Amino acid sequence: MEHTGHSDHGAMDTGWRAAVQATLHCLTGCAIGEVLGMVVGTAFGLHNAATVVLSIVLAFVFGYSLTMRGVLRAGVALSTAFTVALASDTVSIAVMEVADNATVLAIPGAMDAGLSSVLFWLSLVISLVIAFVVTTPVNHWLIGRGRGHAVVHQYHN
């Protein structure tokens, strides 16, 4: 049976609300890394493939960092926080990055648009919205099985 109410007493919300919250958390780190990577890659005239790789790497770095920040506040060791971030975020970030980058690559001219182009920024916004829509059901499935952000929940104050 699906529990959709929020509880501050340690019971993990396994419903869609938890999936949306987990996806928004993931989207924050991914968006920071993705946008930064696209901006840096475009500003430095990197090849499209290098720009995409840079964006993906930065999305994982920022995604893991945001999770680790919260887990470290619970007083755990850095190595534990890193392990928790890997366990809770890897699938979500990977799905989000595939959806996000596939969308940008599919929009004609988006990768070649300059930083002052509406197409550049609009493609990033569209890609992040699509990534959110694609990743939310994945997080719902993971949380419902005690994985994904369910792993992090025990460290929330």
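Laboratory data are not the source of any read-out in this text; all were calculated from the coordinates shown. Predicted, not measured: the structure shown is a model, and the values here were computed from it. Heads up, the Cβs are rebuilt from the backbone with ideal geometry, glycines too, and the neighbour counts pull from every protein chain shown.
Each peptide in 66-74, 28-36 was scored by the mean count of other Cβ atoms within 10 Å over its residues; highest first, the order is 28-36, 66-74. Using only the alpha-carbon atoms, how far is helix 48-72 inclined from the longest principal axis of the chain? Give it as 0 to 90 degrees, nearest 10. That works out to roughly 20 degrees.
What residue among A22, A49, A110 shows peak mean-square fluctuation when the chain is described by a Gaussian network model with Cα springs under 10 Å? Evaluated over the chain, the most mobile residue of the options is A49.
One decimal place: the segment L24-R145 gains 41.6 nm when fully extended, by the rule 0.36 nm per residue minus the C-alpha distance. GNM remark for the chain: springs join alpha carbons under 10 Å apart, and the peak mean-square fluctuation among A99, A85, A43 falls on A43. Neighbour counting of Cβ atoms within 10 Å sorts the residues H25, H47, fewest neighbours leading, into H47, H25. Mean-square fluctuations from a GNM of the chain, with a 10 angstrom spring cutoff on Cα atoms, peak among T51, T80, T135 at T80. Evaluated with a Cβ-only charge set (Lys, Arg +1; Asp, Glu -1), the chain carries a dipole of roughly 260 debye about its Cα centre, given to the nearest 20. Between the helical axis of 78-106 and the longest alpha-carbon principal axis of the chain there is an angle of about 40 degrees. Here the calculated FRET efficiency for L86 and V53, from their Cβ-Cβ distance with R0 = 30 Å, stands at 0.95, rounded to the nearest 0.05. Stretching the chain fully between F44 and A102 yields a gain of 18.7 nm (0.36 nm per residue, less the alpha carbon separation). Once C-alpha pairs closer than 8 Å and six or more residues apart are averaged by separation and normalised to the residue number of the chain, the relative contact order reads 29 percent.
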